[in-house]
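The values are calculated or read from the model by the stated rules, or taken from the named source; none is laboratory data. These figures come from a predicted structure and were not determined experimentally. Heads up, the Cβs are rebuilt from the backbone with ideal geometry, glycines too, and the neighbour counts pull from every protein chain shown.
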Amino acid sequence: MSHWRSLRHDLGAAALLLLATLGYFWRVLSGQAWKPAGGGDLVSFLFPTYRYAAARLWAGDLPLWNPHLYGGAPFLADTQSGLFYPPNLLLSLLAPTFPYEALQWMAALHVFGADVAMYLCLRHLDPARPLRPAAALPWCRRR
């Protein structure tokens, strides 16, 4: 198979994975539902944490400490803060109010990125014998 034909197949598979991700998250992304149902850690912990980081960064501070958590707790040293995680940092710099909808979109994009990475790994794990595009898609594999 030529390189361009292979690339075309991979882009087509990525488009199918994007449609599947948007189909799964359509109620969330349209504002009709929350993900996860009831919010879970996304609402109760991650959203306030990321929003605090965005507010501090926009104020010109490096948030070393969070005075709002447990009567005060390390922030920068906490792995859950995700302060320097590129998507969080980019979103913090682009949207200082860090709306919850942006966090839901970020969750959907993470799922899409994982889908594409899994597809590419399955498809090109053995370059001498790449899987056919349909065989690397999760719903097309035979059991």
Open item on the list: Quick test for you: out of PHE47, PHE98, pick the one residue that is in contact with a Ser or Thr (Cβ under 7 Å, 6 or more places away or on another chain), modelled with pLDDT under 90 and of a type outside the set (S, T, N, Q).
Closed with: PHE98
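Residue-wise test of (1) small (Gly, Ala, Ser); (2) in contact with a helix residue (DSSP H, G or I) (Cβ under 6 Å, 6 or more places away or on another chain).
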| position | (1), (2) |
| --- | --- |
| ALA77 | yes, no |
| PHE84 | no, no |
| PRO96 | no, yes |
| GLN104 | no, yes |
| ALA108 | yes, yes |
Task: SER6 closer than 27 Å to ALA117 by Cα, part of a helix (DSSP H, G or I), of a type in the set (Gly, Ala, Ser) and at pLDDT below 85 - done: yes
- [ ] Restrict the check to segment 131-141 and report whether at least one residue is more than 27 Å from ALA20 (Cα to Cα) and in contact (Cβ under 8 Å) with a residue 12 or more places away in the chain.
- [x] no
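Yes or no, residue by residue, for (1) within 30 Å of LEU137 (Cα to Cα); (2) among the hydrophobic types (A, V, I, L, M, F, W, C); (3) under 18 Å from the mean Cα position of the chain (by Cα):
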site: VAL28; (1), (2), (3): yes, yes, yes
site: GLY31; (1), (2), (3): yes, no, yes
site: ALA73; (1), (2), (3): no, yes, no
site: ASP78; (1), (2), (3): no, no, no
site: PHE84; (1), (2), (3): no, yes, yes
site: LEU89; (1), (2), (3): no, yes, yes
site: THR97; (1), (2), (3): no, no, no
site: ALA102; (1), (2), (3): yes, yes, yes
Task: Selection status of ALA54, modelled with pLDDT of 85 or more and in contact with a strand residue (DSSP E or B) (Cβ under 7 Å, 6 or more places away or on another chain) - done: no
TODO: Return yes or no: is ASP61 charged (D, E, K, R), over 22 Å from the mean Cα position of the chain (by Cα) and at pLDDT 90 or above?
DONE: yes
Task: Flag if LEU22 is more than 30 Å from PRO133 (Cβ to Cβ), touching a residue at least 60 places away in the same chain (Cβ under 8 Å) and outside any loop (DSSP other than H, G, I, E, B) - done: no
TODO: Could you tell me whether segment 3-16 includes any residue that is touching a helix residue (DSSP H, G or I) at 6+ places or on another chain (Cβ under 6 Å), basic (Lys, Arg) and either surrounded by fewer than 14 Cβ atoms within 10 Å (Cβ to Cβ) or within 24 Å of ALA102 (Cβ to Cβ) (or both)?
DONE: no
Open item on the list: Going through ALA59, ALA54, ALA15 one at a time, which residue ends up being more than 15 Å from GLN104 (Cβ to Cβ) and in contact with a Phe, Trp or Tyr (Cβ under 8 Å, 6 or more places away or on another chain)?
Closed with: ALA54
TODO: Please name all residue pairs, on different chains or six or more residues apart, with Cβ atoms under 7 Å, provided the first residue is in segment 53-79 and is of a type in the set (A, V, I, L, M, F, W, C) and the second residue is surrounded by 10 or more Cβ atoms within 10 Å (Cβ to Cβ) and assigned to a strand (DSSP E or B).
DONE: TRP65/PRO74; ALA73/ASN66; PHE75/TRP65; PHE75/ASN66
